[in-house]
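Reading through the structure tokens given below for one structure.
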């Protein structure tokens, strides 16, 4: 044996890998520390690759704002289990990545992976973390606003919202923007306002509503002009339900969000809402099958 217990300890400190892995690495490399580090790195990459096919639909949505509140970032990083999402190292990694997004403004996730955290790329840092923790993890998406911004996080990273306004967000204006960010988290509007709803979406709704109205025998003898008025009434209701600025303000149902914001001198121009795991395939657990497998 060309290495000592101290060598194993040193290698563990350098790589954060397990004791037996470090011992094996030193055995395979005749005690050469540099080669042992490379061996573990290669082993870690192989381990991470095996885990890459696993479903990662847990994780965290991280909201980060610079100290001067001039840049807001919302970032989703997924893991296989909620347990890992609460891991300190995982959370520190997510925070570091959010800071990279704020500072470097990458074009997309692939560009983000090529950016650096310290001396390593984001991708290599993630790969090392996958190898160490033993779960698949993925940087799924991010958004970044610069200017007059505000944010809100709900449920310890289950939902994250960032909003952008035209004009300064100071004191009461900032609180108003945050109130609306909370409403976005709770109600999840589809559009900022009725003015930005795609015409195709409106026509689709009109088609459905018209069919529903004509299906009712009570409307069979009504002229087309009346039917059209009924359709437009329901379209306005659609706007009130799905467009943020046309929604009732949750803290004061007597006024719409747009009116509330205007009373505080706020003009909201954009928002992004991420909910952890939305749209992702969920891992299905079958406890009976798992126990049967263990017995076999």
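Computed extension gain for residue 210 through residue 190, at 0.36 nm per residue and net of the alpha carbon distance, reaches 5.0 nm.
Computed over the alpha-carbon pairs of segment 55-145, the distance histogram in 5 Å steps reads 3, 15, 28, 26, 18, 8, 2, 0 percent, short to long. The helix-only estimate of mean residue ellipticity at 222 nm for the chain, built from DSSP H runs of length n ≥ 4 each weighted as -39500 (n - 2.57), is -15500 deg cm²/dmol after division by the residue total.
Pairs of Cα atoms in segment 102-250 fall into 10 Å distance bins, from 0 up to the last occupied one, in shares of 9, 24, 24, 20, 14, 6, 2, 0 percent. Fraction of C-alpha pairs exceeding 21 angstrom in segment 194-269: 42 percent, rounded to a whole number. The value given for segment 72-115 is a Kirkwood hydrodynamic radius of 11.2 Å, derived from the mean inverse Cα-Cα separation.
Dividing the Cα radius of gyration of the chain by its Kirkwood radius returns 1.14 for Rg/Rh. Summary value for the chain: 19 percent relative contact order, contacts being C-alpha pairs under 8 angstrom separated by 6+ residues.
Ranked for footprinting exposure by Cβ neighbours inside 10 Å, fewest first, 140, 178 give 178, 140.
Between the Cα long axis of helix 172-187 and the first principal axis of the chain there is an angle of about 90°, rounded to the nearest 10.
With the Kirkwood sum run over all distinct C-alpha pairs, segment 130-203 has a hydrodynamic radius of 15.0 Å.
Laboratory data are not the source of any read-out in this text; all were calculated from the coordinates shown. Predicted model only: the values in this text are computed from it and were never measured. Here Cβ is always computed from backbone atoms with ideal geometry, including for glycine, and neighbour counts include all displayed protein chains.
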